[in-house]
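The values are calculated or read from the model by the stated rules, or taken from the named source; none is laboratory data. Predicted model only: the values in this text are computed from it and were never measured. Neighbour counts are summed over all protein chains in view; Cβ atoms, including those assigned to glycine, are modelled from backbone coordinates with ideal geometry. Note: areas computed on protein heavy atoms with side chains; ligands, DNA, RNA excluded. Shrake-Rupley method; radii C 1.70, N 1.55, O 1.52, S 1.80 Å.
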Amino acid sequence: MKGLPVLSLLLWMSSVFFVGLYLFVGGFLLVRLEVNRTSGCEDVLHPGQDPVDFCWARPRFRRAVLLIIDALKIDFARFDPNNTTPRPYQNKLPVLQETASSRPLQSRLYPFRADPPTTTMQRIKGFTTGSLPTFVDVGNNFASSAILEDNLIHQLGKEGKRVVFMGDDTWENLFPKKFHRSLPFPSFNVKDLHTVDNGILQHLYNTIIGDDWDVLVAHFLGVDHCGHRFGPDHPAMADKLTQMDGVIRSVMDRLQNDTLLVVMGDHGMTDSGDHGGESQKETDAAIFLYSPSPIFPGPPTQNEPDVVPQTDLVPTLALLLGVPIPYSSVGQVLLPLFPPHGQTEGAVRGLSQLEALWINAKQVNRFLETYSGMAKDIPPESLLQLKDQFSRLSSEYLSSVGEGRSPSQQLVSSLQAYLTSVRDTCRSTWAQFNPLKMAAGLSILALACLMCFLLSELSVVLVREDDGGLKVLVVAALAAGVGVAAAQLLSQGYMELTWCLAAGAFSSELLFFWRARRLGSPAVSKNGTKGPKSGGWLTPRRLLIPPLLVPLLRCASLLSDSYVIAEGRVVTFLLFSLALYIPVHLNWDGLLLPPSHDPLKSAGLLPSPALSPSTVRKESSVLLSCLGLLVGSLYLSLSFHGCREEQGSCQPSAFLSPLSRFQDSQLKNIHYVLSVVSLGLWTYLLRRCLCHYGNLNSSGGAVFTARWVLPVLSVCLGLHWAVSATPEDSFRNLGELIRMAQLALPRAAFCLLGLGLALIWLDPLTVFVKTRAAASSRSSSLPPPRYRASTGISPQAELHHLIPQIYQRMRRSLDDGELSGGGEAGGRPMVEAYGLGSVYSAPLLLFWGLLGVGLLLLHPEGMALAFLLLLLEMGALLHIHASSSTLRGLHGACSGGFTVPWTPVVLWSLAATQFFHATGHLPTFPSIQWGAAFVGFPDGHTGTVLPASLVTLNTFASHILFAVGCPLLLFWPLVCEVRGGRGGRGCGEEGEDAVMEMRLRENPQQFSSALLQLSTRYLFIHGTQVFASVCAAAILRRHLMVWKVFAPKLMFEASGFLVSSIFLLIGVSLVLRVDLSVGRWFQRLIPESSR
């Protein structure tokens, strides 16, 4: 088998797709242009002709305390005295509402609305810079880089304010060396509810009563982590909110009159405790403002804001503390904190509302002028309108101040409207696209899809070449890349890697199409027949076949946000419909039922069918039974779906919640038993399948893995679930032991998983050979195999001729045993080989099953039943494909290879997407199961690579399993073949034994081409899905739902394709590794005398 060309072509094909995605994403998800300028005290912001140093004026407050309670949604802060049966998250923070009601001159409570994405790092950027972080910033949430834009922390430090920080270590990464004193604590371990909060409380109160600080920032994480681990509706949330209520009361008691207290949340949370998206439950946090001295001119009025945007905190705090507003801020001052014009004496001294608005508007207009000069993404008509509006307001304000008359209240409203217009304009245009990169990425991806299709059609021709023609393509790509790099260096003085990769991908694609045209021309054919022209592969007749219409229909539907929202159920319907097409098509062709009795066939005037009527009925029954199993699995899998925020009344599956969240012990026990039973069935079915085909008789590494590693791994997983579901305070005497088990059991499972996968890779053969001396007369009369065709034959050619003779001798030996009475000792065959017929599929199936248990370890316990359904669905698809292939053997015509039709390939790819949803995942960031990062690492990580890898494996588990198991589509019809039923298919002798996968060994070139064709077809289906997502994002880039629906869908499709490609290569590599071991095994069978 020519394994290297197959692997090389697949690697090159995947690389071209990666380059196209890299180009498009680089043009589509660009970060907003940052203005690296800093505000200063000398800026002319006050009205008048002479510059005024703003920082020398006495600030409204000398000190400020910022208590940030992560994920403090507004529902947590409200208090309803009429609610006699509150839920765990209700009425647990009474201090906020009570203080706001009893002390209206000293406090206020507002909803505090965040801009998406609602992840912690982006929110910190938002309420310290006053800017609007873009969508792509979400990818940096766990790899925080320092903020370079002007921000509130920088301004406070520059003016000599001593900023003390304690809490979430994300701040230390965003503002390195910016704090007077810093006490950071690790933040990524969402299972740890107390370390950060307790660390803050050890230092908070002593710091407040001290005098070595001006601004104190304390970022609590317990509420957020409790939401991630248990959800808001859990007693642990009540305990954590009650603790925060006590903290706020204690801080208020220690404040001085010149200190402002700000209690705020950075974002909210969904009903499941997650965040990251833009639903109102995720964006609406709470903000509470308080000072021992009066800070508001009066009780709340109708003019009070209903909601405070987070960006408004920056200019408000800056002016209250007497520092300049950060340069890039687009926020608006919170007017109730400033007295009306002419009432700035006494307790409410400081800037008036109109003065604060004027300073704010002047700063925003300055930023707008600077930004519009650097970037051209703001529409010119909007920019001109904003400039005219500010010019008119500036003239009105300056004239009123110059004349000494009091400005009108209408001017206040106009300034507010101007600031709101600037923010809305920036929000709508800060998706800075690079059309050239997007177009290049689209072009490369379109050509890659076309190239992948042609590669599957040309697999037979390409495999004949030693390297599959890859050397020429690689050389052309390198030459084009180097040429573009040289041109860039000569013309620009620097090199941009993006365009070098684009040039290399384009050149290799164009060269491939030129070679495909030559390879597809009739003149190249060597078998005497005219091959199809290259253009013939792209005719509507070849493309618009029912199996390909389904993915094409799905790709077109990706332009609809309604389809993306309901994709889980739609894909389930498409999978069911295409599976139903198989028996309907077979029945249409007259292959599903035995043919009727024909006298001409009985007389021998017409050829008899290849399969007997009983065999046809049996295969049809298997096909229909497996179709029923598939339908049942699809129906049950709908019980494991999650819910998007757009789906309204949808309720997420209870199986998505970890057992630790269940408060009903009986229900928890039922879920645990279901999970353990499902895991046991998974292990039993895998071992039963291997045992059925005789693959558990040898003593190799793969068999050891099946016999011992897989069961022990399952036991570790079951024990891990039991320990994880046990509350930490249930057994106080065993608390340390439970914590040790939470650490040891999953790590032991990881070690067993690595050991098992390594053993399968190193020793994949599951064949047991047993030889006997010939006992029957017929077997003794057999001539010994001639190992040499001539004296000058090469060893490689000798082995090539030898292998079919070994098969033949084994089969004749088996026939002798049957004819002479196989039950007698003297009539047993002289060669017994157990597991030889499934030598390729057995290690691949074991590898797949072991990997599935490892991926299940990263999921909630309830997903064990979903994984069992995945196994049943996969088995049903394989048997439907095998039975369909067997029934089509009725034609008795040699196909010249082992081609896997499009229908099972499309079904396989649809199943990967369907079970992505059936394992609780969604193409949205809030649905990511972050808890996977802490399986085996409850104390967190020192880096981001390992947790990111664990989360990726959790998210794309279905893509991984179906990609690794894709070669099974090639093997399973051979594993399930009926004796004498594939003579035409395998081009063997009619009526010969079912030698199963040994046919592949007899036809190595067809084996290679079939494996290449199957892999490229699978890549083609996933590649077209990615291309459709890219087109949807490009076409709808100004659509209202682009950042909520289409951009996340693009990111998940691209990531899924990347993961699928990698694990498809792993699956193909394992097949090649098995083939190499099989070759060595046959070499050991050659008698010494024949060498």
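Please work out how much length the chain gains when fully extended from residue 374 to residue 1005, using 0.36 nm per residue of separation minus the C-alpha to C-alpha distance, in nm with one decimal.
Full-extension gain reported as 221.2 nm.
Which of the trypsin sites (Lys or Arg not before Pro) across the range 1006-1074 are loop residues per DSSP, with 13 or fewer other Cβ within 10 Å? It would help to have the intermediate numbers written out before the result.
Numbers: sites: 1017, 1037, 1038, 1044, 1049, 1073; in loops: 1037, 1038.
In loop regions of the range 1006-1074 (DSSP not H, G, I, E or B), the sparsely surrounded trypsin sites (Lys or Arg not before Pro) are 1038.
At R0 = 41 Å, how high is the FRET efficiency between residue 566 and residue 58 if r is their beta carbon distance? Nearest 0.05 is fine.
0.10
Compute the distance in nm between two label points, each set 7 Å from the Cα along the Cα-to-Cβ direction, one at residue 556 and one at residue 573.
Modelled inter-label distance: 1.5 nm.
Testing the spin-label approximation: label points 7 Å from Cα along Cα→Cβ at residue 494 and residue 399. State their distance in nm.
The two pseudo-label positions are separated by 4.8 nm.
Classify the range 352-440 as rounded, prolate or oblate from the Cα gyration tensor: take a ≥ b ≥ c as the square roots of its eigenvalues, call it rounded if a/c is under 1.5, otherwise prolate when a/b beats b/c and oblate if not.
It is prolate, given that a/c is not under 1.5 and a/b is the larger ratio.
Would you kindly state how much longer the chain becomes between residue 647 and residue 707 on full extension, computed as 0.36 nm times their sequence separation minus their alpha carbon distance, in nm to one decimal? Intermediate values should be presented prior to the final figure.
Numbers: separation 60, 0.36 × 60 = 21.60 nm, distance 4.56 nm.
Here the segment from residue 647 to residue 707 would lengthen by 17.0 nm.
Before I look further, what does the range 632-756 give for accessible area per residue, probe 1.4 Å, in whole square angstrom? Before the final figure, lay out the partial values.
Details: 6550 Å² over 125 residues.
So the range 632-756 comes to 52 Å² accessible per residue, rounded to a whole number.
Using a Förster distance of 56 Å, how high is the FRET efficiency between residue 385 and residue 464, based on the Cβ-Cβ distance and rounded to 0.05?
Numbers: r = 67 Å, r/R0 = 1.19.
E(calc), rounded to 0.05, equals 0.25.
Counting only heavy atoms of protein chains, what accessible area per residue, in Å², does the range 349-432 have with a probe of 1.4 Å?
With the other protein chains kept in place, the range 349-432 gives 45 Å² per residue.
If you count only protein heavy atoms with a 1.4 Å probe, what accessible area per residue comes out for the range 144-290, rounded to a whole Å²?
33
Per-residue HN-Hα couplings for the range 867-878, Karplus 6.51 cos²θ - 1.76 cosθ + 1.60 at θ = phi - 60°, whole Hz, x for Gly and Pro?
So the J values, rounded to whole Hz, are 5, 5, 4, 4, 4, 5, 5, 5, x, 5, 4, 5.
Sorting 269, 1041 by accessible area (1.4 Å probe), largest first, what list results?
Reading off the accessible areas and sorting them downward yields 1041, 269.
Stretched out fully, how many nm does the piece from residue 612 to residue 688 gain, at 0.36 nm a residue minus the Cα gap?
Between residue 612 and residue 688, full extension yields an extra 24.5 nm.
Can you give the accessible area of residue 543, probe radius 1.4 Å, in Å² rounded to 10?
50
What accessible area, in Å² to the nearest ten, does a 1.4 Å probe give for residue 584?
Its heavy atoms expose roughly 90 Å² to the probe.
Using the Karplus equation 6.51 cos²θ - 1.76 cosθ + 1.60 (θ = phi - 60°), what ³J(HN,Hα) coupling, rounded to whole Hz, does each residue of the range 911-924 give in order, writing x for Gly and Pro?
These are the phi-based 3J(HN,Hα) values: 5, 4, 6, 4, 7, 4, 6, 6, 9, x, 8, 9, x, 9 Hz.
Could you please state how large a percent of the accessible area of the range 844-924 is carbon and sulfur, counting protein chains only and using a 1.4 Å probe?
Here carbon and sulfur together make up 65 percent of the probe-accessible area.
At 1.4 Å probe size, with no ligands or nucleic acids counted, give the accessible surface of residue 381 in Å², nearest ten.
Roll a 1.4 Å probe over it and residue 381 shows about 120 Å².
For the range 349-432, give the percent of accessible area contributed by carbon and sulfur heavy atoms, probe 1.4 Å, rounded to a whole number.
Carbon and sulfur: 49 percent of the exposed surface of the range 349-432.
Once R0 is set to 45 Å, what does the formula 1/(1 + (r/R0)^6) return for the Cβ-Cβ distance between residue 482 and residue 159, expressed as a FRET efficiency to the nearest 0.05?
0.30
Which distance in nm do the two modelled labels at residue 146 and residue 674 give, with both placed 7 Å along the Cα-to-Cβ direction?
Modelled inter-label distance: 5.2 nm.
Convert each backbone phi in the range 84-93 into a coupling constant with the Karplus relation 6.51 cos²θ - 1.76 cosθ + 1.60 (shift: θ = phi - 60°), then list the ³J(HN,Hα) values in order as whole Hz, x for Gly and Pro.
In residue order, the calculated couplings are 7, 10, x, 6, x, 9, 9, 6, 9, 10 Hz.
What is the list of residues in the range 162-198 whose amide nitrogen lies under 16 Å from a point 7 angstrom out from the Cα of residue 212, following Cα to Cβ?
So the set is 162-166, 179-184.
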